[in-house]
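These notes are about the structure you will find just below.
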Amino acid sequence: MDHSTAPVLEALTAYQAQEQLSFTPPGHKQGRGADPRVRAVLGDALFSADVLALSGLDDRTMSQGILERAEELMADAVGADHTFFSTCGSSLSVKAAMLSVAGPHEKLLVGRDAHKSVISGLILAGIRPVWIDPQWDPDLHLSHPPAPGAFRSAFEEHPDARGALVTSPTPYGTCADIGAIATLCHERGVPLIVDEAWGAHLPFHPELPTWAMDAGADVCVTSVHKMGSGLEQSSVFHLQGDLVTAQTLASRADLLGTTSPSVLIYAALDGWRRQMVEHGRELMDEALSRARRVRAAIEDIGDLHVNDRDDFCGEARAFDMDPLQIFIDLSGVKLSGYEAADWMRRYHRINLHTSDHRRINAQLTHADDETTTGRLLDGLRDLVAHAHELPPAPDVRVPAPGDLRLRQVTLPRDAFFGEVEQVPADRAVGRICAEMLTPYPPGIPAALPGELLDQAVVDYLRTGARAGMLIPDAADSDIDTIRVSVHDVDAD
């Protein structure tokens with residue numbers, strides 16, 4: 001296929017050149033009605049490109065097939081059979097993928113380190129999750145993707161499971177052995193979904209972890225806005241094989257998606273595909289080289305330590321890792337990641353991504369250069385120089401793996417939509433959680449609807465909230481109170 005073309009961008013250019021006049025949404029009419037103060041910030045070009053996909057970018061019957069050709073080019077670029085664009089983020093895409101594999105009360109094997117969007121999919125569909133435990137590192141206090149053996153055991157116990165879902169890479173950049181998990185699924189004639197939201201760049205360089213389609217996954221969900229050049233909310237989901245049909249996946253996406261997709265997002269996806277086909281290897285060469293230099297430089301700053309393969313990969317740990325996700329352990333300077341991230345924004349105008357009780361994360365992409373990484377290194381040096389002035393890392397009671405893993409006693413949907421009450425946190429122990437309680441980022445729920453709360457997880461969330469942990473989906477983000485089911489079950 002001719003990857004020098006960009007169907008969406010070319011159609012948008014033609015639309016503007018033809019001076020087409022619209023009596024359709026959007027109501028700003030290519031910016032003519034927008035407040036000049038808004039245009040001064042966002043720019044006229046943005047409003048000019050914000051047109052309808054139907055009766056705008058394409059005609060009333062979509063006869064030019066503009067979006068279809070752009071999706072075919074994306075599939076060809078990465079070696080998938082089919083690709084679908086989404087303007088609602090991977091939070092929607094992963095739900096569509098789940099609904100294409102399992103329905104109400106059917107079982108789906110799901111890694112318990114799943115993003116909250118996966119939990120939302122379980123709630124909406126009424127799917128019965130069979131949780132697969134991640135591999136917990138008791139020294140670093142973080143989890144890595146589940147091992148293939150855990151999926152094998154779950155399939156043996158639940159032979160009626162309709163498929164499996166694994167998150168890889170995780171928000172910590174660690175990767176599952178997707179090939180082995182896909183083999184287990186295919187031996188049983190069921191599909192594997194990979195939530196690869198953090199892996200848009202993986203198909204474009206051999207030194208990066210193997211991406212999901214090459215490893216044998218059936219459906220792969222990718223957030224191009226995370227590690228690619230897409231606008232926020234840009235997502236694609238790829239499909240291969242015949243265990244899930246393109247028609248089924250498209251119908252599930254149509255059930256959930258917007259009828260007013262953003263052409264701006266489509267255009268950025270289309271352009272990113274062309275950029276990566278033409279220049280991806282070179283761009284990723286430079287990014288990987290830069291990441292190696294940055295990692296080495298951070299190791300030379302005081303008592304900072306960059307987590308590497310020796311920390312994250314190996315027996316009972318991750319199968320692989322993405323070196324562009326730079327996690328910096330602050331244990332040596334006795335700071336919490338929350339405090340350090342806030343300090344870096346306040347004093348150096350640097351925004352970091354994931355932060356937890358002992359780490360901060362700088363996400364590098366092909367867009368970084370010596371200027372951006374130089375500012376990062378200067379900020380980290382200054383952070384270490386002022387560490388003695390900052391409050392020491394507070395006590396966050398991170399539970400042992402056995403306590404962190406709560407027992408699912410009812411369907412997530414039943415607990416979420418059932419009769420609930422909000423009680424003091426201490427009285428919530430031993431009750432069925434009726435809400436998602438999600439430290440964010442990375443967005444992996446510590447407790448979810450239908451799980452039986454224990455003292456260790458409640459203490460973790462309460463001490464975490466006091467230490468600066470953000471829990472945005474809780475009815476009470478301070479975790480002084482928790483929503484629980486009115487109807488108790490026999491805990492035995």
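Derivation of every value follows stated rules applied to the coordinates shown; laboratory data play no part. Source: prediction; values computed, not measured. Here the Cβ positions follow ideal geometry from the backbone for every residue, glycine too, while neighbour counts run over all protein chains shown.
Taking other C-beta atoms within 10 Å as the exposure proxy, 100, 48 rank 48, 100 from fewest upward. What separates the Cα centres of segment 254-293 and segment 189-228 is a distance of 13 Å.
Computed from phi, the 3J(HN,Hα) profile of segment 163-175 under the Karplus parametrisation 6.51, -1.76, 1.60 (θ = phi - 60°) reads x, 9, 9, 10, 9, 6, x, 7, x, 8, x, 9, 10 Hz, with x in place of Gly and Pro. Please identify every one of the chymotrypsin sites (Phe, Trp or Tyr not before Pro) in segment 1-92 that sits in a loop by DSSP and has no more than 14 other beta carbons within 10 Å of its own beta carbon. Sites meeting the loop and neighbour criteria: 23. Here segment 354-471 is treated as an ellipsoid with the same Cα gyration tensor; its semi-axes, largest first and in whole Å, are 36, 18, 11.
Rounded to 0.05, the FRET efficiency of the residue 245 and residue 22 pair, given R0 = 35 Å and the Cβ-Cβ distance, is 0.45. Within segment 270-361, report the trypsin sites (Lys or Arg not before Pro) that DSSP leaves as loop and that have at most 12 other Cβ atoms within 10 Å. Answer in residue order: 349. Computed over every Cα-Cα pair of segment 85-138 and binned at 5 Å starting from 0, the pair-distance distribution P(r) comes out as 5, 20, 29, 22, 12, 8, 3, 1 percent. Computed from backbone phi with θ = phi - 60° and the Karplus coefficients 6.51, -1.76 and 1.60, the 3J(HN,Hα) list for segment 254-263 is 5, 5, 9, x, 7, 8, 10, x, 7, 5 Hz; x is used for glycine and proline. For residue 481, the residues whose amide H sits under 5 Å from its own are 425, ignoring neighbours fewer than 5 places away on the same chain, with H placed 1.01 Å from N. Please report the base-10 log of the normalised intensity I(q)/I(0) for the chain, using a Debye sum with one equal scatterer per alpha carbon and no solvent, at each q in 0.11, 0.13 (1/Å). With one equal scatterer per Cα and no solvent, log10 I(q)/I(0) is -1.00, -1.34. The 3J(HN,Hα) values that the Karplus relation (6.51, -1.76, 1.60; θ = phi - 60°) gives for segment 325-331 are, in residue order, 8, 9, 9, 10, 7, 9, 4 Hz. Gly and Pro appear as x.
Give me D for segment 184-325 in µm² s⁻¹, whole number, from Stokes-Einstein with Rh from the Kirkwood sum over alpha-carbon pairs, 37 °C and 0.692 mPa s.
Roughly 189 µm²/s, to the nearest whole number.
If you count Lys pairs in the chain whose Cα atoms are under 21 Å apart, skipping same-chain pairs closer than 8 places in sequence, the total is 5. Please compute, over every Cα-Cα pair in segment 66-272, the percentage with a separation greater than 31 angstrom. Everything past 31 Å amounts to 13 percent.
The ellipsoid that matches the Cα gyration tensor of segment 73-176 has semi-axes, each √(5λ) in whole angstrom, of 23, 19, 14, with the longest given first.
Mean projected area of the Cα convex hull of segment 7-49, taken over all directions, amounts to 3.1 nm². According to the Kirkwood relation over distinct C-alpha pairs, the hydrodynamic radius of segment 310-373 is 13.1 Å. When only the Cβ of Lys, Arg, Asp and Glu is charged (+1, +1, -1, -1), the dipole of the chain relative to its Cα centre reaches about 880 debye. Residue-normalised convex hull volume from the C-alpha trace of segment 280-389: 102 Å³ per residue. Loop-located GluC sites (Glu not before Pro) in segment 1-79 (DSSP state other than H, G, I, E, B) with a sparse environment of at most 12 neighbouring Cβ atoms within 10 Å: 19. In terms of its C-alpha gyration tensor, segment 401-452 has a rounded overall shape, because the principal axis ratio a/c (a ≥ b ≥ c, square roots of the eigenvalues) stays below 1.5.
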